[in-house]
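One structure is given here, and the rest of the page talks about it.
What follows is calculated from the coordinates using simple rules that are stated; it is not laboratory data. Just so we're clear, the structure is a prediction, and the values are computed from it rather than from any experiment. Cβ coordinates were reconstructed from backbone atoms using ideal geometry, including for glycine residues, and neighbour counts include every protein chain displayed.
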Amino acid sequence: MSKTRDITVTVNGTIHHAAVEPRLLLADFLRHTLGLTGTHVGCEHGVCGACTVLVDGDSARSCLMLAIQSDGHSVETVESLGRLGQMSVLQKSFHEHHALQCGFCTPGMLMTATDLLRKYPLATDDDIRRGLSGNLCRCTGYDHIVKAIRAVVGKSGAAR
Ligand code: FES
Ligand code: FES
């Protein structure tokens, strides 16, 4: 019996076919199989939010999903937001508002904020704080992250 399962998953707009072990986490598939190391792995049990990606447009903990569960679905990682030398509107705002220090939580924060801004394009500070409540940051005290997101509310391209 084969130890792997064939999956087809669209990641950042590109279709990938792969044979994966059934126990492989989506986070490890993204990082180790596809080389998309922007998705960080912190706690590995669904608490910190560093591994947040979007699956079919909804934020999800990629440390709590198996790669085989993404079969037939669309995944967006932090690499989808900007390009080398060309940050997205949201990434620029994080930079300008000092919304990161060590940067470990940042990919998860950016993807959670992307989900939030798509669903609540006119998000208030309360919406932003509630939306980020599942993402932990050990460095910033959160205020600068909230400011960075608030600064792009209603701006074109903020949630692409
Ligand atoms: S690494 Fe997934 S929630 Fe912490
Ligand atoms: S910037 Fe260091 S954990 Fe958030």
Bins of 5 Å from zero: percent of alpha-carbon pairs in region 89-150: 4, 21, 35, 28, 10, 1
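Would you mind counting up the charge near THR39? Only other residues with Cβ under 13 Å from its Cβ, with Lys and Arg at +1 and Asp and Glu at -1.
-2
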Please report Rg (one decimal) and Dmax (integer) in Å for the Cα set of the chain. 15.6, 54
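Over the residues of region 5-80, compute the C-alpha Rg and express it relative to 2.2 N^0.38 Å. Mind showing how you got there, number by number?
Working: Rg = 10.9 Å, N = 76, 2.2 N^0.38 = 11.4 Å.
It is 0.95.
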Once you keep just the Cα pairs under 8 angstrom separated by 6 or more residues, what percentage relative contact order results for region 14-160? 25 percent
Among beta bridges assigned by DSSP with both residues in the chain, the antiparallel ones amount in percent, to the nearest 5, to 90 percent
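Percent relative contact order of region 5-80, based on C-alpha pairs within less than 8 angstrom and at least six residues apart?
It comes to 40 percent, rounded to a whole number.
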Considering the Cα positions of region 57-106, please state its Rg to one decimal place and its Dmax as a whole number of Å. 13.7, 38
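If you take every residue apart from ALA123 with its C-beta less than 15 Å away from the C-beta of ALA123, what net charge results, scoring Lys and Arg +1 and Asp and Glu -1?
On the way: positive: ARG118, LYS119, ARG129, ARG130, LYS147, ARG150, LYS155; negative: ASP115, ASP125, ASP126, ASP127.
Charge balance near ALA123 sits at +3.
Tell me the mean residue ellipticity at 222 nm calculated for the chain from its helices only (DSSP H runs of n ≥ 4, each -39500 (n - 2.57), averaged over every residue, nearest 500).
On the way: 4 runs with 37 residues, N = 160.
It comes out at -6500 deg cm²/dmol, rounded to the nearest 500.
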Positive-pole candidate from VAL20, GLN69, CYS43, dipole of region 5-80, charges at beta carbon: CYS43
Net charge contributed by nearby residues that have their C-beta within less than 14 Å of ALA159 (K/R +1, D/E -1): +2
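Give me the extension gain from ASP126 to ASP56: residue separation times 0.36 nm, minus the current Cα-Cα distance, reported in nm with one decimal. The partial results should precede the final answer.
Values: separation 70, 0.36 × 70 = 25.20 nm, distance 2.51 nm.
Length difference between fully extended and current span is 22.7 nm.
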Region 69-138-region 33-65 distance, computed between alpha-carbon centres (Å): 12 Å
Got a sec? Which residues in region 27-71 would a label at THR14 touch, if it sits 7 Å along Cα→Cβ and we count backbone N under 11 Å? 34-36
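Between CYS139 and LEU64, what length comes free when the chain is fully extended (0.36 nm per residue of separation minus the Cα-Cα distance, one decimal in nm)? Write down the numbers at each step before the final one.
On the way: separation 75, 0.36 × 75 = 27.00 nm, distance 2.42 nm.
Stretched fully, the CYS139-LEU64 segment lengthens by 24.6 nm.
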